[in-house]
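Read the structure below first, then the notes.
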Amino acid sequence: MQISCSIVQLTTWQPYSGECMDFGNIWEKYGLYISLAFMMLIMFSYSITWLRVGVGQGIDSFFAPLVEGLKIPFFILIVILSAITGLYSSIIQKYTIDYERMAEVQERMKEFQKEYREAQLSQDEKRIKKLDSKKDRVMKEQLELAQQQYKPMAYILILTVPIFFWLLYRLSQIQSIIIMPYMGLHYLKEPALWVIPAWILWYMVCSLTISQVIRKTLNIGGI
């Protein structure tokens with residue numbers, strides 16, 4: 001009897017190296033668009049009534065004691081919330097944006113634009129051609145700069161939008177007034193500047209002012 005043998009080749013699975021899907025490279029290439037799409041999605045959620053009301057009701061148990069228990073006036077509550085917003089926004093930006101590199105990129109861009117403008121005015125074709133070869137690198141740095149600025153915005157919106165939903169939820173149940181500087185007396189829900197409600201305008205003024213103080217205190221850079 002004849003016995004035949006066959007050699008079976010074993011395939012050894014190699015550990016996943018990440019070559020098929022490198023999320024780092026994906027973020028580097030499309031991070032700006034991902035951040036913008038996510039921001040648009042979060043802002044779009046404002047138009048979904050059941051979601052807006054549901055989120056507002058969900059966090060009302062946390063904020064309600066400030067209104068019902070401590071009897072804090074609503075316009076003062078907006079000041080407090082805008083201070084909280086300014087604090088975590090500044091901290092997020094501090095640890096997600098490289099301000100030193102951002103300043104360097106902006107300085108290089110300024111120098112490049114100045115040099116390019118001088119070359120065009122002097123009609124130095126050789127110099128213009130040389131600068132054109134550097135344009136792609138400069139534009140890539142500008143894109144990276146934009147990505148750095150938009151990346152923290154997604155995180156900030158995740159925390160801020162629920163607060164706005166709660167303010168809308170509470171304002172639908174109360175009648176609160178405020179005396180706006182140079183604008184007089186307004187109900188918080190009514191438009192104070194064109195179509196902008198008084199509460200949003202007051203929130204923006206407080207948030208911008210307090211954020212500047214926080215950034216100065218924490219020594220956070222800026223553009």
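Is at least one residue of the range 205-222 modelled with pLDDT of 85 or more and under 21 Å from Pro65 (Cα atoms)?
no
Residues in the range 88-118 that are charged (D, E, K, R), out of contact with any Leu (no Cβ under 9 Å at 6 or more places or on another chain) and surrounded by 15 or more Cβ atoms within 10 Å (Cβ to Cβ): how many?
Counting residues in the range 88-118 that are charged (D, E, K, R), out of contact with any Leu (no Cβ under 9 Å at 6 or more places or on another chain) and surrounded by 15 or more Cβ atoms within 10 Å (Cβ to Cβ) gives 1.
Tally time: how many residues in the range 166-184 are crowded, with 16+ Cβ neighbours inside 10 Å and out of contact with any Phe, Trp or Tyr (no Cβ under 8 Å at 6 or more places or on another chain)?
2
How many residues, within the range 124-163, are within 30 Å of Ile80 (Cα to Cα) and free of Cβ contacts under 8 Å to residues at least 60 places away in the same chain?
1
Evaluate the range 45-64: report whether one residue or more is within 25 Å of Met153 (Cβ to Cβ), modelled with pLDDT under 75 and in contact with a helix residue (DSSP H, G or I) (Cβ under 8 Å, 6 or more places away or on another chain).
yes
Here are Tyr150, Tyr155, Tyr88: which of them is modelled with pLDDT of 85 or more and either basic (Lys, Arg) or under 15 Å from the mean Cα position of the chain (by Cα) (or both)?
Tyr88
Of the residues that make up the range 71-82, is at least one surrounded by 12 or more Cβ atoms within 10 Å (Cβ to Cβ), assigned to a helix (DSSP H, G or I) and under 20 Å from the mean Cα position of the chain (by Cα)?
The answer is yes, given that some residue of the range 71-82 is surrounded by 12 or more Cβ atoms within 10 Å (Cβ to Cβ), assigned to a helix (DSSP H, G or I) and under 20 Å from the mean Cα position of the chain (by Cα).
Would you check if Trp166 is modelled with pLDDT of 80 or more, in contact with a strand residue (DSSP E or B) (Cβ under 9 Å, 6 or more places away or on another chain), more than 23 Å from Gln106 (Cβ to Cβ) and not β-branched (Val, Ile, Thr)?
No; evaluated as a whole, the condition is false for this residue.
Just to be sure, is Ile92 assigned to a helix (DSSP H, G or I), among the aliphatic types (A, V, I, L, M) and farther than 30 Å from Phe165 by Cα?
No: the conditions fail for Ile92.
The values are calculated or read from the model by the stated rules, or taken from the named source; none is laboratory data. For clarity, every value in this text was computed on a predicted model and none was experimentally measured. Positions of Cβ are backbone-derived with ideal geometry, glycine not excepted, and every protein chain shown enters the neighbour counts.
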